[in-house]
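Colleague: Here it is: the structure, laid out below.
The values are calculated or read from the model by the stated rules, or taken from the named source; none is laboratory data. Owing to the predicted nature of the structure, the values given are computational and were not obtained by experimental measurement. With ideal geometry, Cβ positions are generated from the backbone for all residues, glycine too; neighbour counts draw on all protein chains shown. Ligands, DNA and RNA are excluded from the accessible area calculation, which covers all protein heavy atoms including side chains. Shrake-Rupley method; radii C 1.70, N 1.55, O 1.52, S 1.80 Å.
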Amino acid sequence: MKKVKWIGLALLLAAGGLQAQPVRPQSAHVVTHQRTTIVTDPSKGENSYKAWGVFPAKSIAVRRIYLHLTLGSPDTMPTAHWDYCDKIRIRRAGGKNAPDLAYELGRMLTPYGSIFGKGWQWSWRVDVTDFAPLLRDSVEIEYLHTGYEPTTVGWALTLDFEIEKGNPVAKPLGMVPLWNAPYKYGNPEQPIEKSLTPVSYTVPGGSHFTRVRIQHTGHGADRPRNCSEFCSRWLEIYQNDKRVDRRDMWKACGDNPLYPQGGTWIYNRAYWCPGDLQQPDLLHLPVKPGSAQTLKMVMEPYTATANIQAEEQITSFAFHYSKPLARADVAVEEIVVPTQKQQFFRYNPSVQSPRIVIRNLGSEPLKTVDITYGTEGFGQKKYRWQGYLSFYEATEVVLPGAVDARPGATHNFGVSLSLPAGSKDEWPADNQMQATFKAARTLPQTLLIAYKTNKAPGDNHIFLRNAATGDTLWQRRPSGTLPDTLYTDTLRLPVGAFTMALTDTGHNGLQFWAQPRQGDGYLRLLDTAGRLIHLFESDCGSGEQLAFYTDPNFKADTARLMGAFQMFPRRTTDKIELDMLLNKAAPIEVKITVDGLLQQHHQYTMLQKGKFTYHIGYLPKGRFVVEVWSGAQRLFTGRVNRD
């Protein structure tokens, strides 16, 4: 049995001008998988990776447990390609002779990784505190990787359990498995309503509420509705014949923080997106100790007519808890802005309006919170939030004022919560949090904007705002642009902080490889000498933003090499064109590969701009990756399909 070391952490709030506060609860980390190379088993469609971890003893009080999951490019093979549904499960708790539980802790939908190169990795986090009674002593954790792609591509997987010690929010009193299976959907021979049978149980003594935890994703592509991966359908939960929840099982994917990806990442799906660790649905149901309960799950009626294959993968449990141990208890859950956390990549860096998430962990409604916040080395700010949060409800709070920072520098941002005078937080240790962030960059006061529309410019709105006042200083409206047209504008800005945004109501960006008919657009910023200083990602789904400061003494970073690349078409039977613009001349290599195997190699001694044609019609049909390199620096990666 593998022994995993505990790593003690003290999460301290740096001084930074903020008042000293009790530190967050002492944490430990249990890492069960450390850059484990995972591949599929095409003969079975799934491959199991198990490892043992030593978790806290049952005598140690545990308050919260978070699972941090990281996928990276493996050391010995190219990154995997496909969006598969993987599961993290508790197999055995208490030792090798314990029963096999196969309880799902989390669900990972892998990204399209064909364009991710060496050194790439991405991390996600999910709260798994409900399983704390099982995550004790020796526990066997399984990562079940599904799919059928070749074993020559894979992922580097890390599973890291972060454990906060301290009194639980409420005492766990037991659990009941509910619906746990892949259920046929739309199959007239196996109607889902006959499979999702009601579950009855008796609530343990001392129970105050039951938390229903559901992981649910839809898969398959039937006719006529393309269920279940690409069809929206509703789901209802009933407690003793009373409906307590109804939701559409559908998720928008164009705003995924992990972008671009090497596949159809922008397409909305059946409650999941490629490249996402799914957050479970949590329902809090009031109960009386010893009462009889019946839970029922009902899905929208549906019958497929052809290619009948739709499947609803559902895992669910009912966890019983005592009354919350504290009457008054607020916690800061996340710092959304400013931070370097990858899950908030689309919102950062920012120059204005810090954003945090707070949660009520007390039994009494939360109506008022005093918030102290600021960047280390700058003055602190105060804000009073007013609202209404029932137990375990959370909300995002937008804090007034600038994100204080020195342009381009790395800083620490701290936030501290307190209840108004006369109230006392009964667990103050989670009232503060700190985040490291890199401040926005500096640009010149005079900017040249080059905006080339695609064939659907009615989807796109580009605007620049003064961050402090919110005033719009410049914009290109959808109604004022023509298809396939280059617009150039010169902006002269005062010294200050600004935000420029590109929005796309079609949620498919200025370019998307699977939709060649929409064309290929771009948005670039240049200085007065015509040198490239910033490039918006064209394959950006719902859009992208840039926060920046202006400086009259701006000097271009001549040591940094950057480039803008336009490759079209992304689906072809013969040739592709690659248009390059660099901020300075440099030696360039263009590599065209399949699963890491080189198919074409083109070298240019010194190049600053140019348009090049590459013929791939003689190569086998399929997915190709085009990379542009200058020495050891990869400047561009894009997917092309040879149809």
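Colleague: In nm, give the distance between the simple-model label positions of residue 531 and residue 226, each being 7 Å from the Cα along the Cα-to-Cβ direction.
Modeller: 4.6 nm
Colleague: What are the trypsin sites (Lys or Arg not before Pro) within the stretch 174-224 that DSSP puts in a loop, where the Cβ has at most 12 other Cβ atoms within 10 Å?
Modeller: When the trypsin sites (Lys or Arg not before Pro) of the stretch 174-224 are filtered for loop state and at most 12 Cβ neighbours within 10 Å, nothing remains.
Colleague: May I pose another question? Given labels modelled 7 Å from the Cα in the Cβ direction, how far is it in nm from residue 66 to residue 468?
Modeller: Those two pseudo-labels are separated by 3.4 nm.
Colleague: Between residue 59 and residue 294, what's the calculated FRET efficiency when r is the beta-carbon distance and R0 is 22 Å? Round to 0.05. All intermediate terms of the calculation are to be shown ahead of the outcome.
Modeller: Details: r = 36 Å, r/R0 = 1.63.
For R0 = 22 Å, the calculated efficiency reads 0.05.
Colleague: Applying a 10 Å radius around every beta-carbon, put 326-339, 110-123 in order of their mean neighbour count, most first.
Modeller: 326-339, 110-123
Colleague: Continuing with this model, one more query. Please go through the stretch 159-208 and write out the GluC sites (Glu not before Pro) that DSSP classes as loop and that have at most 13 other C-beta atoms within 10 Å.
Modeller: Working: sites: 162, 164, 189, 193; in loops: 189.
Sparse-neighbourhood loop GluC sites (Glu not before Pro): 189.
Colleague: Separate question: Using alpha-carbon pairs under 8 Å, 6+ residues apart, how would you state the relative contact order of the chain in percent? Don't jump to the answer; show the numbers that get you there.
Modeller: Working: 1789 pairs, mean separation 74.7, N = 643.
For the chain, the relative contact order is 12 percent.
Colleague: Treating only the Cβ atoms of Lys and Arg (+1) and Asp and Glu (-1) as charged, compute the dipole magnitude of the stretch 382-450 about its Cα centre; round to the nearest 20 debye. Write down the numbers at each step before the final one.
Modeller: Working: 6 positive and 6 negative charges, 84 e Å.
Computed charge dipole of the stretch 382-450: roughly 400 debye.
Colleague: Moving on to the next point. What is the chain by shape, rounded, prolate or oblate, if you read a ≥ b ≥ c off the alpha carbon gyration tensor as root eigenvalues and call it rounded for a/c under 1.5, prolate for a/b larger than b/c, and oblate otherwise?
Modeller: oblate
Colleague: Still on this structure, I have one more. For the chain, what is the accessible area per residue in Å², given a 1.4 Å probe and the full set of protein chains?
Modeller: 42 Å²
Colleague: Rounded to the nearest 500, what is the 222 nm mean residue ellipticity of the chain from helices alone, with -39500 (n - 2.57) per DSSP H run of 4+ residues and division by all residues? Kindly include the intermediate steps, with their values, before the conclusion.
Modeller: On the way: 1 runs with 4 residues, N = 643.
So the helix-based figure for the chain works out to 0 deg cm²/dmol.
Colleague: Something else about it: What FRET efficiency would be calculated for the residue pair residue 392, residue 574, taking the C-beta separation as r and a Förster radius of 41 Å, to the nearest 0.05?
Modeller: Working from the Cβ atoms, E equals 0.10.
Colleague: Arrange the peptides 402-414, 428-440 so that the one whose residues have, on average, the most other Cβ atoms within 10 Å appears first.
Modeller: Going from most to least packed, we get 428-440, 402-414.
Colleague: Another question, then. Roughly how many percent of the accessible protein surface of the stretch 486-643 is carbon and sulfur, given a 1.4 Å probe and a whole-percent answer?
Modeller: Working: 3590 of 7210 Å².
About 50 percent, which is the carbon plus sulfur part of the accessible surface.
Colleague: Sorting check: for 374-387, 538-551, which peptide has the highest mean count of neighbouring beta carbons within 10 Å, and how do the rest follow?
Modeller: Sorting 374-387, 538-551 by mean packing, highest first, produces 538-551, 374-387.
Colleague: I would also like to ask the following. For the stretch 331-348 and the stretch 77-95, what is the separation of their C-alpha centers, rounded to whole Å?
Modeller: About 26 Å separates the Cα centre of the stretch 331-348 from the one of the stretch 77-95.
Colleague: Label residue 402 and residue 557 with points 7 Å out from Cα along Cα→Cβ: what is the distance between them in nm?
Modeller: Here the modelled spin labels are 2.1 nm apart.
Colleague: Give the shape of the stretch 123-256 as rounded, prolate or oblate, defined through the alpha-carbon gyration tensor: a ≥ b ≥ c are the square roots of its eigenvalues, a/c under 1.5 means rounded, and otherwise the shape is prolate if a/b is larger than b/c and oblate if not.
Modeller: Note, shape of the stretch 123-256 comes out oblate.
Colleague: I've got another one for you. Would you kindly state how much longer the chain becomes between residue 284 and residue 48 on full extension, computed as 0.36 nm times their sequence separation minus their alpha carbon distance, in nm to one decimal?
Modeller: 81.7 nm
Colleague: So, one more: Extension gain residue 328-residue 193, at 0.36 nm per residue separation less the Cα-Cα distance, in nm?
Modeller: Full extension from residue 328 to residue 193 adds 44.4 nm.
Colleague: Working out 0.36 nm times the residue gap between residue 609 and residue 37, then minus their Cα-Cα distance, what length gain in nm do you get to one decimal?
Modeller: So the chain would gain 202.0 nm between residue 609 and residue 37.
Colleague: Which net charge results for the neighbourhood of residue 620, defined as the other residues with beta-carbon distances under 13 angstrom from its beta-carbon, given Lys and Arg at +1 and Asp and Glu at -1?
Modeller: Charge balance in the 13 Å sphere: +1.
Colleague: Among 190, 172, 158, which residue has its Cα furthest toward the positive end of the charge dipole of the stretch 154-218, with +1 on Lys/Arg Cβ and -1 on Asp/Glu Cβ?
Modeller: Result: 172.
Colleague: Let me ask you something else. Determine, from the Cβ-Cβ distance of residue 264 and residue 618 and an R0 of 30 Å, the FRET efficiency 1/(1 + (r/R0)^6), rounded to the nearest 0.05.
Modeller: Using R0 = 30 Å, I get an efficiency of 0.70.
Colleague: Please work through the chain and write down the cysteines that have no neighbouring cysteine Cβ at a distance under 4.7 Å.
Modeller: 85, 540
Colleague: Counting only DSSP beta bridges with both residues in the chain, what percent are antiparallel, rounded to the nearest 5?
Modeller: 95 percent
Colleague: Rounded to the nearest 20 debye, what is the charge dipole size of the chain about its Cα centre when +1 sits on each Lys and Arg Cβ and -1 on each Asp and Glu Cβ?
Modeller: In debye, rounded to 20, the chain gives about 600.
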